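Here the structure comes first, spelled out in structure tokens, and everything after it is commentary.
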Amino acid sequence: MTCDAPAIPRATTVLVVEAEKAQRQIVCHILREAGYGVLEAENIDHARRQVSRSDTVIVGDSVPDREGQKLCQEIKSHRDTAHLPVVHLAKYRPRREQPTDEAQTMMAGSCDAQLRTPLRCSELLTTIDAMMQVRWADLRARNLGEEVEHRRAELSLVREKMAEGLVELNEKGEISSLNASAERLLEMDSLAAIGKNFHDLVHAHQKLCPKDCRLCELHSPSVGVESVFHRPGGSQFVAEFTLVPASEFGLGGGTLVFFRDITDRKQSEEMLCSLEALASRGRMAAIMAHEINNPLESVINLIYLIRKQPELSADTRQFVAMAEHELALVGQITRQTLGFYRATEISAPVDLVELTESALAVYERYFGAGYVELRRDYGEDCWVQGFAGELRQVLVNLVSNALDAMAGSGRLRVRVRRSRSWKDHNVQGVRVTVADTGQGMSRERRLQLFQPFFTTKGARGTGLGLWVARGIAHKHGGELRVRSSTSPTRHGTSFSLFSPFAGAKQDTQPLAHAFPERKAA
């Protein structure tokens, strides 16, 4: 072996497997001079123990072909060493002396390169260098491939876990893929959705599709567009969607559609508008009550003076007494209206018996005329901590609903008693029960009763009364529950409001001081 190539440092370790010591030393010397790290092995057993520490393997011509072929196969079959280049140094023989041995033929097929000896030093170094470059390129490609797969897996995980629906469309607007959130929002699986036109799917009914529908203009990016999406099952929801060209994510042609369900948000916006409208009406009603109350006081005084006139006949005195009674009722209604509007900023102990009576007084005409029979059952010491105006609002709402349910005739039972919480029997308080003898409600209606905008009164109802009432009950640390029966023999509805005890009548005493063992509401 001759060497006329300059030595070039290499950061590579070569394992030389050669049975003949002199030949092995020559090859190792050439490699060390060229800057390679060298490991030596005189047989395949020794080579097996060192192959994991090498970057390439040279199998010398003194190693029997069958043993060399076996070593190559072991190297190529093991996961950790399959990437190592293997060079076989074979003795040169004239063509007529070429062996036909099957082992040597298999040896040539098991290694990555085969060189004939004697060979030039440059030939050996060039071969090893070329094979190492191929190996490093393969490793870089493999690492890049693993990185791409890792990033792809991360992207796929984010895609599946994101709360927003994501649909990938091809250039024709047909669904190529969709994530789990999109399946949930559209209520259909991927197999049923792929291949369908997304616009035709979510805007199945022409009336849901505006003339300038942005889903028909997939090539124009859109952000925050609101639209009604139709589901295959017939239901629909308000969606906010964004269109993004797939090319921005390196996904080629097509469009990505990000969308989410904003039905609850739209309902909340409508609810706020309705509450603001109710608040405005309340303010107007309070102003009117205030303006009515001033001249009303004057009329009541004049009636009193008339009644004191001695020359009035008995009939006239009776008429004056009736007028005085009706004016007193009007005055009570105006005071109640003002009481609803005037909010208390600080929570204070409230007598629920007194508060219940004030709520019933609003509907005195129903009870006085004999249309509705009123039965009261009041206990003692029924004080709770809270805001009187808000609790009165709840009680008036419950009484009003009961009267509407009985259509002006029936029996109303109102009970105010000390009791315990349904959830925690250690919590004591007061329970107000308002029960009517109306037609009752089905289970389906009861399940929807406390949802906003649900009403059984048609155009007369807002669907917010009981929803607000339950919110007030929770704000006071209490509960509002309902029971109802549609039985022909025993029908009606019963609402129960529970609120914790106040324990003291001092208006300025905070609840934490009134009840040291309990937290403030």
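Observations, loosely collected:
- Residues that are in contact (Cβ under 8 Å) with a residue 24 or more places away in the chain and of a type in the set (S, T, N, Q) were ranked within region 115-149; the one that is farthest from Ser54 (Cα to Cα) is Thr117.
- Lone qualifier among Val57, Val17 - being closer than 16 Å to Ala113 by Cβ, under 60 Å from the mean Cα position of the chain (by Cα), in the same structural domain as Val87 (by TED's automatic domain parsing) and buried (at least 22 other Cβ atoms within 10 Å of the Cβ): Val57
- Segments classed as strands (runs of 3 or more DSSP E), wholly inside region 169-246, with at least 3 members that are more than 20 Å from Arg159 (Cβ to Cβ): 222-230, 236-245
- Region 147-168, subset among the aliphatic types (A, V, I, L, M) and in a loop (DSSP other than H, G, I, E, B), residue farthest from Gly253 (Cα to Cα): Ala163
- Output for region 134-181, where each listed residue is among the polar types (S, T, N, Q) and under 21 Å from Asp80 (Cβ atoms): Asn143
- Residue list for region 219-238, restricted to those being surrounded by 14 or more Cβ atoms within 10 Å (Cβ to Cβ) and among the small types (Gly, Ala, Ser): Ser222, Ser227
- Subset of region 247-273 [in a helix (DSSP H, G or I), in contact with a Phe, Trp or Tyr (Cβ under 8 Å, 6 or more places away or on another chain) and not hydrophobic (A, V, I, L, M, F, W, C)]: Thr263, Gln267, Glu270
- Yes/no for Ala504 being small (Gly, Ala, Ser), over 39 Å from the mean Cα position of the chain (by Cα), under 21 Å from Arg392 (Cβ atoms) and modelled with pLDDT under 85: yes
The values are calculated or read from the model by the stated rules, or taken from the named source; none is laboratory data. This structure is a prediction, so every number in the text was calculated from the model and none was measured. As a convention, Cβ positions derive from the backbone with ideal geometry for all residues, glycine included, and neighbour counts pool all protein chains shown.
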